[in-house]
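Novice: The structure under discussion is supplied below as structure tokens; questions concerning it will follow.
The values are calculated or read from the model by the stated rules, or taken from the named source; none is laboratory data. This structure is a prediction, so every number in the text was calculated from the model and none was measured. All Cβ positions, even for glycine, are placed from backbone atoms using ideal geometry, and neighbour counts span all protein chains on display.
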Ligand SMILES: Cc1cc2nc3c(=O)[nH]c(=O)nc-3n(C[C@H](O)[C@H](O)[C@H](O)COP(=O)(O)OP(=O)(O)OC[C@H]3O[C@@H](n4cnc5c(N)ncnc54)[C@H](O)[C@@H]3O)c2cc1C
């Protein structure tokens, strides 16, 4: 069921963030149209690892991150890599990022992230129970597996920090008990930490079933409809010009992920987002297939076992809008997993994928009204956690638009912070 009347809200971008915004705005009784230059959920929200992980409170801006980035300039195989190129925006971004890589700011960002991660998890649980989306939602927790004793001791420090500062508690599993825990793991690994409150899902299935439900409720989705420019009057967006013609609405939500900084000038608001490129490869399930979604911190690789497949995902490359998928990156994912898993990586059809994560320099998303346009809202910059943060983001946007008090403090995520 769709409506032909002018929408109350146009959401630009149909990734997981745009879909979540459309959901909460529709639930608030508003007529919503979502437009996307590509297909619904077809960009970064498509082939990611699908962890909904409140344990991920630590931002990327940790002490030492900038040293890792500098070393990567000379190593094309580094999982975290800045590709050398001249870009004033990237240099400024890196400078701001580097200035936050200290314990105090890391913990401060972590506290803001924790608030929105926990709120999102509460919303996900409610939504999954009410809406019964077919998305392979699994409450198995997330397993961080360490190969070496050194890796185990280093990760134990992170785990202690999570417990002491954030109350996030994991079960430590020694190497000798690991195979019993997940028989897909090799003998001889050092151990693991199990974060039982994390969950996982299959992202493409969630996007498909959530957008289908919204269409049934009257939300209009327009694919291959690119926002090209804004027409403004009296401090408001009067209408938008798209590849399918001009459109108007009372309010607009910009949920354009890694593309968002392109709209900074038109929105009269700095949007310091860089593309953090990652890769995944999806294959048929190996035998034995891991029971748990897993992360291998020493190789920075994630494993997502699905009902009809199995995915390896990783890498963080700052290389601009680069859409190549180098074979060596895919091989690297498979080689990394082979250190941990008994099954050799399945042969047969491989689905290779890249996504551009929308990375902010302070590791926090950008959620709220733009400072200079009264009817434009940003919902972007979700870094490595867009799946995990989608529900609270959508809820915040609906609350802010309605002028209600918000379910968590929206201040730390405000676009105002970049003025
Ligand atoms: C390898 C990898 C693994 C990951 N794993 C996880 C994970 O396990 N858990 C987690 O929480 N997160 C994970 N992420 C991060 C997560 O995928 C992103 O944070 C999230 O997808 C961002 O969602 P989004 O809706 O903002 O962006 P997108 O999904 O990229 O959506 C933005 C949309 O805007 C559209 N758009 C842009 N410009 C315009 C325009 N001018 N007009 C119209 N449409 C436009 C685009 O076409 C796109 O569809 C991972 C990312 C990668 C790369």
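Novice: So in region 292-325, with the set limited to residues that are on the phi > 0 side of the Ramachandran plot and assigned to a loop (DSSP other than H, G, I, E, B), which one is nearest to the ligand (Cβ to nearest atom)?
Specialist: Going through the qualifying residues, I end up with 300.
Novice: Output the residue which, of all residues in region 25-59 that are buried (at least 23 other Cβ atoms within 10 Å of the Cβ) and either away from the ligand (no atom under 13 Å from the Cβ) or at pLDDT below 95 (or both), is farthest from residue 115 (Cα to Cα).
Specialist: Once the filter is applied, the top-ranked residue is 32.
Novice: Continuing with this model, one more query. Pull up region 298-318, narrow it to residues that are at pLDDT 95 or above and out of contact with any helix residue (DSSP H, G or I) (no Cβ under 8 Å at 6 or more places or on another chain), then point me to the one that is farthest from residue 354 (Cα to Cα).
Specialist: Checking each candidate, the answer is 307.
Novice: Quick one: which of 176, 160 is within 29 Å of residue 343 (Cα to Cα) and either in a strand (DSSP E or B) or at pLDDT 95 or above (or both)?
Specialist: Answer to the selection: 176.
Novice: Among the numbered conditions (1) in contact with a helix residue (DSSP H, G or I) (Cβ under 8 Å, 6 or more places away or on another chain); (2) assigned to a strand (DSSP E or B); (3) modelled with pLDDT of 95 or more, tell me where residue 238 comes up short.
Specialist: Among (1) in contact with a helix residue (DSSP H, G or I) (Cβ under 8 Å, 6 or more places away or on another chain); (2) assigned to a strand (DSSP E or B); (3) modelled with pLDDT of 95 or more, residue 238 violates only (1).
Novice: Before we move on, is residue 213 under 25 Å from the mean Cα position of the chain (by Cα), touching a residue at least 12 places away in the same chain (Cβ under 8 Å), part of a helix (DSSP H, G or I) and away from the ligand (no atom under 12 Å from the Cβ)?
Specialist: Considered against the rule, which asks whether it is under 25 Å from the mean Cα position of the chain (by Cα), touching a residue at least 12 places away in the same chain (Cβ under 8 Å), part of a helix (DSSP H, G or I) and away from the ligand (no atom under 12 Å from the Cβ), residue 213 comes out as yes.
Novice: Quickly run through region 237-280 and pick out the residues that are loosely packed, with under 15 Cβ neighbours inside 10 Å and either within 17 Å of residue 8 (Cα to Cα) or within 9 Å of the ligand (Cβ to nearest atom) (or both).
Specialist: Correct list: 238, 241, 243, 246, 248, 262.
Novice: Something else: Can you tell me which of 329, 334 is assigned to a helix (DSSP H, G or I), in contact with a strand residue (DSSP E or B) (Cβ under 8 Å, 6 or more places away or on another chain) and surrounded by fewer than 20 Cβ atoms within 10 Å (Cβ to Cβ)? Break it down into steps so the answer makes sense when it comes.
Specialist: Values: 329 fails: surrounded by fewer than 20 Cβ atoms within 10 Å (Cβ to Cβ).
That would be 334, the only listed residue that is assigned to a helix (DSSP H, G or I), in contact with a strand residue (DSSP E or B) (Cβ under 8 Å, 6 or more places away or on another chain) and surrounded by fewer than 20 Cβ atoms within 10 Å (Cβ to Cβ).
Novice: What number goes with the only condition from (1) within 30 Å of residue 149 (Cα to Cα); (2) under 19 Å from the mean Cα position of the chain (by Cα) that residue 271 does not pass?
Specialist: Evaluating residue 271 over (1) within 30 Å of residue 149 (Cα to Cα); (2) under 19 Å from the mean Cα position of the chain (by Cα) leaves (1) as the failure.
Novice: Could you grab me the full set of residues in region 355-386 that are more than 7 Å from the ligand (Cβ to nearest atom) and in a strand (DSSP E or B)?
Specialist: Pass one, region 355-386, residues more than 7 Å from the ligand (Cβ to nearest atom): 359-379, 381.
Correct list: 359, 360, 366, 367, 368, 369, 376, 377, 378, 379.
Novice: Determine, yes or no, whether residue 185 is out of contact with any helix residue (DSSP H, G or I) (no Cβ under 6 Å at 6 or more places or on another chain) and buried (at least 16 other Cβ atoms within 10 Å of the Cβ).
Specialist: no
Novice: Given the criterion crowded, with 20+ Cβ neighbours inside 10 Å, within 22 Å of residue 382 (Cα to Cα) and in contact (Cβ under 8 Å) with a residue 12 or more places away in the chain, identify the matching residue among 293, 305. Lay out the reasoning, then the answer.
Specialist: Working: 305 fails: within 22 Å of residue 382 (Cα to Cα).
The conditions single out 293.
Novice: Looking at region 188-210 only, could you name the residues that are touching a strand residue (DSSP E or B) at 6+ places or on another chain (Cβ under 8 Å), part of a loop (DSSP other than H, G, I, E, B) and buried (at least 16 other Cβ atoms within 10 Å of the Cβ)? Quick ask: steps written out before the conclusion?
Specialist: Step one: filter region 188-210 for residues touching a strand residue (DSSP E or B) at 6+ places or on another chain (Cβ under 8 Å), giving 189-196, 198-202.
Among the residues that remain, those that are also part of a loop (DSSP other than H, G, I, E, B) are: 189-190, 196, 198, 201-202.
Within region 188-210, 189, 190, 198, 201, 202 meet the criteria.
Novice: Give me a count of the residues in region 332-363 that are farther than 30 Å from residue 95 by Cβ and in contact (Cβ under 8 Å) with a residue 12 or more places away in the chain.
Specialist: Qualifying residue count, region 332-363: 18.
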